[in-house]
């Protein structure tokens, strides 16, 4: 296919993928060419008769597969944001092929032998720290993949890896189907009670997209669901929507994920035992800051009882409010957010509808950019001339204080049926200096409801935090300053990767940021200082709930990967058992129930690792204190260390060493409890 853009050098601005030329039909032939090419490149390294050196083995391995990576970066970003039946079909077919391909490479004992030969050669003492780190990480990747196993064991691992890839793809596509199939129609004026004009605008847009112009509809994106549960005065509709949200992936039929979960857990357990680990949790945690399941459980056991007690106190107060509304039965999950909002309005004189006008999307984007400028000297110049993969995506040329190009940043903020739920950061290209000064192309993906008339969406405080969170991840990718792509950006352990994102959230509610950017979308007036003081006073509000819903998912994730496959054959029964064991409050739902727990079942990145957000929160609470202790939230020297050792360092060093280099010590859990108002 001479016109296939994947076979050509991209002369686009910033070397960006030529989205206007790439078609679905280009992917299959591109993969058919790139996969055997990568195999040949690896074989040439492995079978090189010359003695193994850093250049002919480690560097050569880093450079191999560039053509395949070029395709993968585009394909997997589009399957998350522009999915359709044609892309999903390719995804189902290519997932096990790619998994098998990667498995066979990292199971190659001869390739591992060459890596080890480099480490044992006289050259080793002449390598710099980054070169040694790359080589050590490469060896660990081969060993943890099973390269030291016998032929039969390696063959079985390859089968397991391919099957897990298929299951992960099915899992995510099933959730997308369940979310796409459900709509809560708001038919009468009573159905609209309590909902804000901007929410109704978005609900009208969704109805129009479903060919019912003039009506209102609510989908199952988390942002829409949580806003409806907070605002709607209809308890029956709140319950109907929450039930549908919690039931994703367990509705029976072809989109049911329960059998997928059971098989996934069994295969992961088999994989761990083949590699010599007691359980999959022990296997996954071996290369993290936590290192062991016992360390994770120790953290949870410190936080859970404090959070649960706080949630119990919150529930009593909310139930009393519900009783005043005539709800005399047990306090329900679908009522929590609604009455929490009422309680916040009563006790702190804050309500969501009062806040939203001060948090328009455009101003929050500017706020995130402003903080990056103050901390790291970055400037953001919007580029409206670029051809992107969707008309709603925005592009920014990121420059340093001298005007030099740092990165291209893409912001994909609006929900649409082709996009999977949630929010994330990804890259169309990662940073490296191995083959020139290659700067990254980073994307943030959110799911904010798009108003029908093209108005600036008004964000909830949670949505604004999510924007800052994901932009923290983006900065981790954009500021990367390493030589080798395998060490670049966010290529760090899961319980360290959330530090840059969660730390960045702290700047959102700082008075210097709020007074400048939290401005009324109509009048332009700054958010009143009195409201800022209320926000500060309410900082610990509802944190018992937040702690419980998150930790419950973490307990389930950890325990599922500690138990035998026999114990998890019925995932929902197992989930129920875990929740009973920790005495889960009836009025709070897990943040992610097993049948739609994409973090751990749409691939294995966060499997046995959902605790990472909590672990990183211990770090981020302490890290922001480093700025507060100076009396300047943009303290230049602290920001320099933050960039040098955290945001810009990729995986140059062990994460504990990286944090100590920035802060001078590792923190305890006390800073986290204080941040959540639970101390």
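The values are calculated or read from the model by the stated rules, or taken from the named source; none is laboratory data. Bear in mind that the values here come from a model prediction, so they are computed numbers and not experimental data. Here the Cβ positions follow ideal geometry from the backbone for every residue, glycine too, while neighbour counts run over all protein chains shown.
Odds and ends about this structure:
- Exactly one residue out of 214, 276, 252, 194 is over 27 Å from the mean Cα position of the chain (by Cα) and within 30 Å of residue 153 (Cβ to Cβ): that is 276.
- Where helices (runs of 4 or more DSSP H) fall entirely within segment 572-671, those with at least 3 residues that are surrounded by fewer than 20 Cβ atoms within 10 Å (Cβ to Cβ), outside the structural domain of residue 484 (by TED's automatic domain parsing) and more than 22 Å from the chain's Cα centre (by Cα) are at 612-628, 636-642, 655-663.
- In segment 559-571, residue farthest from the chain's Cα centre (by Cα) [restricted to those that are surrounded by fewer than 22 Cβ atoms within 10 Å (Cβ to Cβ) and under 28 Å from residue 309 (Cβ atoms)]: 563
- Qualifying positions in segment 320-340 - over 17 Å from residue 233 (Cβ atoms) and free of Cβ contacts under 8 Å to residues at least 60 places away in the same chain: 320, 328, 329
- Across segment 77-86, the number of residues qualifying as in a helix (DSSP H, G or I) and surrounded by 17 or more Cβ atoms within 10 Å (Cβ to Cβ) comes to 5.
So that you can scan it fast, the table gives a plain yes or no per residue for (1) loosely packed, with under 13 Cβ neighbours inside 10 Å; (2) touching a strand residue (DSSP E or B) at 6+ places or on another chain (Cβ under 7 Å); (3) farther than 26 Å from residue 382 by Cα:
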{"residue": "6", "(1), (2), (3)": "no, no, yes"}
{"residue": "9", "(1), (2), (3)": "yes, no, no"}
{"residue": "12", "(1), (2), (3)": "no, no, no"}
{"residue": "19", "(1), (2), (3)": "no, no, no"}
{"residue": "31", "(1), (2), (3)": "no, no, yes"}
{"residue": "38", "(1), (2), (3)": "no, no, yes"}
{"residue": "45", "(1), (2), (3)": "no, no, yes"}
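- Taking segment 267-287 as the range and being modelled with pLDDT under 95 and either surrounded by 16 or more Cβ atoms within 10 Å (Cβ to Cβ) or farther than 25 Å from residue 653 by Cα (or both) as the test, no residue passes.
- Filtering segment 561-571 to residues that are touching a helix residue (DSSP H, G or I) at 6+ places or on another chain (Cβ under 6 Å), in a loop (DSSP other than H, G, I, E, B) and under 19 Å from residue 606 (Cβ atoms) leaves 561, 562.
- Wholly enclosed helices (runs of 4 or more DSSP H) of segment 453-549 bearing at least 2 residues free of Cβ contacts under 8 Å to residues at least 12 places away in the same chain and more than 23 Å from the chain's Cα centre (by Cα): 529-537
- Looking only at segment 138-161, residues that are touching a residue at least 60 places away in the same chain (Cβ under 8 Å) and more than 23 Å from the chain's Cα centre (by Cα) come to 9 in all.
- Test set (1) within 24 Å of residue 516 (Cβ to Cβ); (2) crowded, with 19+ Cβ neighbours inside 10 Å - residue 412 fails condition number: (1)
- Yes/no for residue 278 being out of contact with any strand residue (DSSP E or B) (no Cβ under 9 Å at 6 or more places or on another chain), without any contact (Cβ under 8 Å) to a residue 40 or more places away in the chain and outside any helix (DSSP H, G or I): yes
- Scanning segment 10-41 for residues that are touching a helix residue (DSSP H, G or I) at 6+ places or on another chain (Cβ under 9 Å) and without any contact (Cβ under 8 Å) to a residue 60 or more places away in the chain gives 10, 21, 22, 23, 25, 26, 29, 30, 33, 34, 37, 41.
- Filter pass, residue 303 being part of a helix (DSSP H, G or I) and under 13 Å from residue 495 (Cβ atoms): no
- Figure legend. Inter-residue proximity from segment 396-410: first residues outside any strand (DSSP E or B), second residues crowded, with 18+ Cβ neighbours inside 10 Å, beta-carbon distance below 7 Å, spacing 6+ or different chains. Indicated pairs: 400/378; 400/406.
- Only a single item in (1) in contact with a strand residue (DSSP E or B) (Cβ under 6 Å, 6 or more places away or on another chain); (2) under 22 Å from residue 642 (Cα atoms); (3) in a loop (DSSP other than H, G, I, E, B) is not met by residue 425, and it is number (3).
- Check on residue 344, outside any loop (DSSP other than H, G, I, E, B) and either assigned by TED's automatic domain parsing to the domain that holds residue 229 or over 30 Å from residue 609 (Cβ atoms) (or both): yes
- Qualifying residues in segment 67-88 (those that are without any contact (Cβ under 8 Å) to a residue 40 or more places away in the chain and touching a helix residue (DSSP H, G or I) at 6+ places or on another chain (Cβ under 9 Å)) - the one nearest to residue 422 (Cα to Cα): 79
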